[in-house]
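Visitor: The structure's right below; bear with me while I get my questions together.
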Amino acid sequence: MIGRKIGTCASTCFAARGAVGSVRTRRHTLLGLVLLAGQLLAGCQQSYRKTMDAVVTDCALGRYSQASALTSKSLEEISKNDGDRLVYLLEAGRTAQLAGDLAASSAAFGEANAIVAPYLDEKAEATVTEAAATTVVNQTLSQYRGTNPERTLLETMLAINALVLGDRSQARLSLNRAQAWQQVAVALHAAEIEAEQARLDASKEEATTKGVSYGSSSEIESNANYSNLASMKAYTEYADPFATYLRGIFLLFEPDQSDLENASYALRRTQALNDGDALVAAQIAGDLAILEARRASGQVPPHTWIVLFDGLAAYRKEFSVGVAAFPSMAQHEAGVAMPEILYEGQRYPMAYISDFDRMVMADFKEKLPLIITQEIISTALKSAATYALNEQFGSYGLLIGLAYQFGSTAADLRSWRTAPKRMHVARVETPADGRVIVTDGGVPVATAQVSPGTSGIVFVDIPARGAPASVRSAVLAGAVPTAAVAPSTSDSKVGAASE
């Protein structure tokens, strides 16, 4: 399924090309059709970009309700089978979450999950029709299927909503699915590369059939716009450390002994994915000490975990070389420069546990050669068609070809733009006054209220410097009888306290 855009944009373009036969007698009408086709193609390519630029601006300024209203409106305006629907659902779920409307957030994330869930069991192949459309027009006409980092984060966000809403069974299900995405990540990544290759092979076949030659991708790959990809490398086996960590903390409060074993594995796995990071090691050591206290007494001493979602995710930008357009990756600044927890008058650094930018940029880097070659072939085919039109119909044919070529040139910039840039975690003994304070270099940027005597988790979002925090909290366990609480160890009193 390639969505509404192919039906609207491509058919307009094909209709304009089909009118070539009447050039000699209806030149002015044809000129109008060509200009209209160019405008409609440009409109199809620009709608998503303009909408998301506005949404990102709203989020950066803390206008979460406005951002949510805009993404919700966009969903209402596109059909259920539109090729862009998934990316809008991700944005709608996230912006509603930031705005505090968890019901709307879960509904959007739930529909998004229904779209991507089949890819857990099936190879995501590009269809022949989709491959042809991306060659004739551009890669924006492919159906957006999401990347594996986005799919894992989607399940994690569903779990967070469920935790805050008190639905532990749904939280467990979503965290298990996030784990499942990671377990098949290597195979899925190979399948996605294969799908990109299938589209590319279809383009190569068309170029060969028409006798069109095209250049190498190596010159474009060395473009300065890609210099920021050099150091980007996926986590081991395309894992997501935060999804793994959150599942470990959740299972720490589940009833079965096997849950504790899985929690221990998840926590140790998180540390391995951040090998060499002293703050993460300190955080995990304290978490494991609490796990052992649970084994000994059957209870978890009252603690509060704090998760900071910092900044907005890396996103795609467009740059041109001649008449070809290529995507590159750009990054937002961090929302918090020095994330810390203020506890009993002391400041403690938070552990930088997961880098979503790293995940999405590494994914993009590995697919980049295929993306570039696809665009080079598409541009060569359009240039050849423009030349043929000029040869057959003169200046009006040239005008038709150029209008189509420039009007249909656009890089695919779709990605989950409101996803967080990076994730930090910390843990404290639940304060007697219930106040949990996050600071940026000692300056308070978020305050959450939790129930004294209970164990819980606080989720704090700061999408940009100066933006007001969006805060949600969930109870992991109720108040524990004093006699049942094992004494806290120095390692577990405050997480990520070592420097």
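Visitor: Identify all residues within region 415-470 that are within 24 Å of LEU291 (Cα to Cα), among the hydrophobic types (A, V, I, L, M, F, W, C) and not in a strand (DSSP E or B); write none if there are none.
Guide: Result: ALA432, VAL450.
One line per residue, one yes/no per condition, for (1) within 21 Å of PRO463 (Cβ to Cβ); (2) in contact with a Pro (Cβ under 8 Å, 6 or more places away or on another chain); (3) among the acidic types (Asp, Glu):
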{"site": "ALA263", "(1), (2), (3)": "no, no, no"}
{"site": "THR270", "(1), (2), (3)": "no, yes, no"}
{"site": "ASN274", "(1), (2), (3)": "no, yes, no"}
{"site": "LEU279", "(1), (2), (3)": "no, yes, no"}
{"site": "VAL300", "(1), (2), (3)": "no, no, no"}
{"site": "ALA314", "(1), (2), (3)": "yes, no, no"}
{"site": "LYS317", "(1), (2), (3)": "yes, yes, no"}
{"site": "PHE326", "(1), (2), (3)": "no, no, no"}
{"site": "GLY345", "(1), (2), (3)": "no, no, no"}
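Residues checked against (1) out of contact with any Leu (no Cβ under 6 Å at 6 or more places or on another chain); (2) among the hydroxyl-bearing types (Ser, Thr, Tyr); (3) in contact (Cβ under 8 Å) with a residue 24 or more places away in the chain; (4) surrounded by fewer than 20 Cβ atoms within 10 Å (Cβ to Cβ):
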site	(1), (2), (3), (4)
GLN299	yes, no, yes, yes
SER354	yes, yes, yes, no
PHE364	yes, no, yes, no
ILE372	yes, no, yes, no
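Visitor: Now a separate question. Just need a number here: residues in region 333-352 that are buried (at least 18 other Cβ atoms within 10 Å of the Cβ) and within 20 Å of SER231 (Cβ to Cβ).
Guide: Count: 2.
Visitor: I need the full set of residues from region 177-197 which are surrounded by fewer than 18 Cβ atoms within 10 Å (Cβ to Cβ) and either touching a Ser or Thr at 6+ places or on another chain (Cβ under 7 Å) or touching a residue at least 40 places away in the same chain (Cβ under 8 Å) (or both), in order please. Full working, then the answer.
Guide: To start, the set of residues in region 177-197 that are surrounded by fewer than 18 Cβ atoms within 10 Å (Cβ to Cβ) comprises 180, 183-184, 186-187, 190-191, 193-194, 197.
Scanning region 177-197 gives ALA180, VAL184, VAL186, ALA191, ILE193, GLU194, GLN197.
Visitor: Restricting attention to region 263-297, which residues are crowded, with 18+ Cβ neighbours inside 10 Å, of a type outside the set (A, V, I, L, M), under 18 Å from ASP240 (Cβ atoms) and in contact (Cβ under 8 Å) with a residue 24 or more places away in the chain?
Guide: ARG269, THR270, ASN274, GLN283, ASP287
Visitor: Another question, if that's okay. For the subset of region 198-228 comprising residues that are surrounded by fewer than 20 Cβ atoms within 10 Å (Cβ to Cβ) and under 29 Å from LEU154 (Cβ atoms), which member is farthest from the chain's Cα centre (by Cα)?
Guide: ALA198
Okay, residues lined up against (1) assigned to a helix (DSSP H, G or I); (2) touching a Phe, Trp or Tyr at 6+ places or on another chain (Cβ under 6 Å):
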{"residue": "GLY276", "(1), (2)": "no, no"}
{"residue": "TRP305", "(1), (2)": "no, no"}
{"residue": "GLY311", "(1), (2)": "no, no"}
{"residue": "GLU333", "(1), (2)": "no, no"}
{"residue": "ALA337", "(1), (2)": "no, no"}
{"residue": "ASP363", "(1), (2)": "yes, no"}
{"residue": "ALA380", "(1), (2)": "yes, yes"}
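Visitor: Considering only residues that are acidic (Asp, Glu), surrounded by fewer than 20 Cβ atoms within 10 Å (Cβ to Cβ) and under 24 Å from MET157 (Cβ atoms), which ones fall in region 229-262?
Guide: Those that are acidic (Asp, Glu), surrounded by fewer than 20 Cβ atoms within 10 Å (Cβ to Cβ) and under 24 Å from MET157 (Cβ atoms): GLU237, GLU254, ASP259.
Visitor: Working carefully through the options SER106, SER68, SER79, SER72, find the one that is of a type in the set (Ser, Thr, Tyr), at pLDDT below 95 and more than 30 Å from GLU206 (Cα to Cα).
Guide: After ruling out the rest, the residue left standing is SER79.
Visitor: Further, regarding this structure: For region 356-384, which positions are in contact with a His (Cβ under 9 Å, 6 or more places away or on another chain) and modelled with pLDDT under 90?
Guide: none
Visitor: Further question: Please list, ordered by first then second residue, the pairs with beta carbon atoms under 8 Å, 6 or more apart or interchain, first in region 227-254 and closer than 22 Å to GLU150 by Cβ, second surrounded by fewer than 20 Cβ atoms within 10 Å (Cβ to Cβ) and of a type in the set (Phe, Trp, Tyr).
Guide: Matching pairs, first to second residue: GLY248/TYR265.
Visitor: Then there is this: Any residue at all in region 140-154 that's outside any helix (DSSP H, G or I), among the charged types (D, E, K, R) and at pLDDT below 65?
Guide: No - not one qualifying residue is present in region 140-154.
The values are calculated or read from the model by the stated rules, or taken from the named source; none is laboratory data. Bear in mind the structure is a predicted one, so any value in this text is a computation, not a measurement. We place every Cβ from the backbone using ideal geometry, glycine too, and count neighbours over all the protein chains shown.
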